[in-house]
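Worksheet for the structure shown next.
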Amino acid sequence: MNDDQTGRKAQTRAQFNAIVADYDFGPGCFAHFGRRLAAVAGIEPGQRVLDIASGRGAVLFPAAELVGPTGYTVGIELAEEMARAANEEAVRRGVKAQVRVMDAELLEFPDGAFDRVLCGFGIMFFPDQDRAMAEFRRVLKPGGRLALSTWSIDQAGEFKKVFVALELKAPEPPGWISEPDVLSQLLTRAGFTNVDVRADSQSFRYADVEEYWRQARSTGFRRALDALDAVQVERVRTALAERARQHQRADGIYFPATALLAVATR
Ligand SMILES: C[S@@+](CC[C@H](N)C(=O)[O-])C[C@H]1O[C@@H](n2cnc3c(N)ncnc32)[C@H](O)[C@@H]1O
């Protein structure tokens with residue numbers, strides 16, 4: 001790992017440790033797409049499942065439910081505060097799945113240890129995506145399945161449009177993948193077969209702009225916002241409130257999000 005990659009991981013870890021309390025605040029976009037990812041992975045009772053970049057368990061908990069009491073689910077996470085919050089939630093729910101602190105690019109599991117490897121909205125943060133894919137494939141049994149998601153239009157998408165309109169610095173991390181073909185090529189290059197990438201959309205209801213604002217601040221957008229001065233932040237809030245008016249319905253503001261769900265076989 002070179003210095004740049006080490007620096008990016010340290011930044012990612014600090015960022016997610018800082019936003020853990022507000023993570024997936026509001027309508028629960030990550031929880032929704034976590035359930036969708038676990039569903040398309042074709043998980044069967046009794047299987048062994050690894051969830052990479054677990055966050056607070058959006059994918060982990062549905063996966064644990066699908067493998068049932070005879071199965072085994074484990075998660076890994078770079079940010080220790082995220083892992084701690086997920087493990088507390090597991091205890092609260094009475095789920096035996098655990099999240100260990102580990103790097104997705106250096107998996108501490110033997111070859112062929114899992115039937116399914118899942119990764120929800122994690123790959124954009126990995127500095128060496130090819131290495132991560134090689135690791136995901138290594139720990140899968142032959143014939144085992146990988147399921148991973150990225151954003152086509154992310155849950156902070158309106159924010160992004162406001163940034164562009166105000167000519168502020170684009171907030172995406174360098175590894176963002178939003179095109180199905182690019183995701184498909186990454187998986188094929190790693191040696192996966194039967195690669196299938198599909199777009200999956202959902203509209204999410206926010207009580208008001210404040211709720212959307214707080215939710216967007218608990219995403220990767222936080223870093224971009226924190227880099228602005230007070231005047232710029234106010235301009236962003238005003239522009240966001242104007243855009244929100246177009247999406248206003250009687251019971252709240254509806255913003256769409258579209259995930260890319262990829263499934264592939266080892
Ligand atoms: C957007 S969150 C997604 C979390 C969860 N999968 C979900 O769907 O809600 C991305 C997560 O990836 C984790 N992450 C980033 N780089 C990682 C790495 N190299 N190894 C393990 N986890 C990583 C972050 O700490 C963060 O919790």
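Would it be correct to say that Arg56 is near the ligand (Cβ under 10 Å from one of its atoms) and basic (Lys, Arg)? Explain how you work it out, then say what you get.
On the way: near the ligand (Cβ under 10 Å from one of its atoms): yes; basic (Lys, Arg): yes.
Here the answer is yes, as Arg56 does meet what is asked.
Do we have Ala85 as buried (at least 23 other Cβ atoms within 10 Å of the Cβ) and either assigned to a loop (DSSP other than H, G, I, E, B) or in contact (Cβ under 8 Å) with a residue 12 or more places away in the chain (or both) here? First the steps, then the outcome.
Numbers: buried (at least 23 other Cβ atoms within 10 Å of the Cβ): no; either assigned to a loop (DSSP other than H, G, I, E, B) or in contact (Cβ under 8 Å) with a residue 12 or more places away in the chain (or both): yes.
Against the criterion (buried (at least 23 other Cβ atoms within 10 Å of the Cβ) and either assigned to a loop (DSSP other than H, G, I, E, B) or in contact (Cβ under 8 Å) with a residue 12 or more places away in the chain (or both)), Ala85 does not qualify.
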Number of the condition not met by Phe25 [criteria: (1) within 14 Å of the ligand (Cβ to nearest atom); (2) in a helix (DSSP H, G or I); (3) out of contact with any strand residue (DSSP E or B) (no Cβ under 7 Å at 6 or more places or on another chain)] = (2)
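When you look at Leu50, is it more than 8 Å from the ligand (Cβ to nearest atom) and part of a strand (DSSP E or B), yes or no?
Numbers: more than 8 Å from the ligand (Cβ to nearest atom): yes; part of a strand (DSSP E or B): yes.
Criteria met by Leu50.
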Candidates Ala63, Ala10 - the one that is within 11 Å of the ligand (Cβ to nearest atom), assigned to a helix (DSSP H, G or I), more than 21 Å from Arg266 (Cα to Cα) and within 18 Å of the chain's Cα centre (by Cα) | Ala10
For Phe109, state whether it is within 9 Å of the ligand (Cβ to nearest atom) and surrounded by 16 or more Cβ atoms within 10 Å (Cβ to Cβ).
-> no
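Residues Arg235, Arg243: which one is touching a residue at least 40 places away in the same chain (Cβ under 8 Å) and more than 28 Å from Pro180 (Cα to Cα)?
Working: Arg243 fails: more than 28 Å from Pro180 (Cα to Cα).
The unique qualifying residue is Arg235.
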Residue that is farthest from Gln98 (Cα to Cα) [pool: residues in the stretch 8-65 that are surrounded by fewer than 23 Cβ atoms within 10 Å (Cβ to Cβ) and of a type in the set (Lys, Arg)] = Arg8
Checked Ala241, Ala216 against criteria (modelled with pLDDT under 90, under 17 Å from Pro256 (Cβ atoms) and either in contact with a helix residue (DSSP H, G or I) (Cβ under 6 Å, 6 or more places away or on another chain) or aromatic (Phe, Trp, Tyr) (or both)); the one match is Ala216
Filter the stretch 22-60 for residues that are over 15 Å from the mean Cα position of the chain (by Cα), touching a residue at least 40 places away in the same chain (Cβ under 8 Å) and more than 14 Å from Gly120 (Cα to Cα) and give the result.
-> Gly26, Pro27, Gly42, Ile43, Glu44, Gln47, Arg48
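Yes or no: the stretch 160-178 includes at least one residue that is closer than 30 Å to Ile43 by Cα and buried (at least 18 other Cβ atoms within 10 Å of the Cβ). Full working, then the answer.
To start, the set of residues in the stretch 160-178 that are closer than 30 Å to Ile43 by Cα comprises 175-178.
If we keep only those that are buried (at least 18 other Cβ atoms within 10 Å of the Cβ) as well, we get 177.
Checked the stretch 160-178: at least one residue is closer than 30 Å to Ile43 by Cα and buried (at least 18 other Cβ atoms within 10 Å of the Cβ).
Does Gln185 qualify as being farther than 19 Å from Leu106 by Cα and assigned to a helix (DSSP H, G or I)? Show your work before the answer.
Working: farther than 19 Å from Leu106 by Cα: yes; assigned to a helix (DSSP H, G or I): yes.
Taking the combined requirement at face value, the residue satisfies it.
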By residue number, the members of the stretch 90-106 that are surrounded by 13 or more Cβ atoms within 10 Å (Cβ to Cβ), in a loop (DSSP other than H, G, I, E, B) and either hydroxyl-bearing (Ser, Thr, Tyr) or within 20 Å of the chain's Cα centre (by Cα) (or both) are Ala97, Met102, Asp103, Ala104, Glu105
Here are some conditions: (1) within 16 Å of the ligand (Cβ to nearest atom); (2) among the β-branched types (Val, Ile, Thr); (3) not in a loop (DSSP other than H, G, I, E, B). Val231 meets all but one. Which one does it not meet?
-> (1)
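For the stretch 136-148, enumerate the residues that are within 12 Å of the ligand (Cβ to nearest atom) and either over 18 Å from the mean Cα position of the chain (by Cα) or not in a helix (DSSP H, G or I) (or both). Don't jump to the end; show me each part of the working.
In the first step, residues of the stretch 136-148 are kept if they are within 12 Å of the ligand (Cβ to nearest atom); the result is 136, 147-148.
Passing the criteria: Ala147, Leu148.
The values are calculated or read from the model by the stated rules, or taken from the named source; none is laboratory data. Because the structure is a prediction, the values reported are computed rather than measured. Cβ coordinates were reconstructed from backbone atoms using ideal geometry, including for glycine residues, and neighbour counts include every protein chain displayed.
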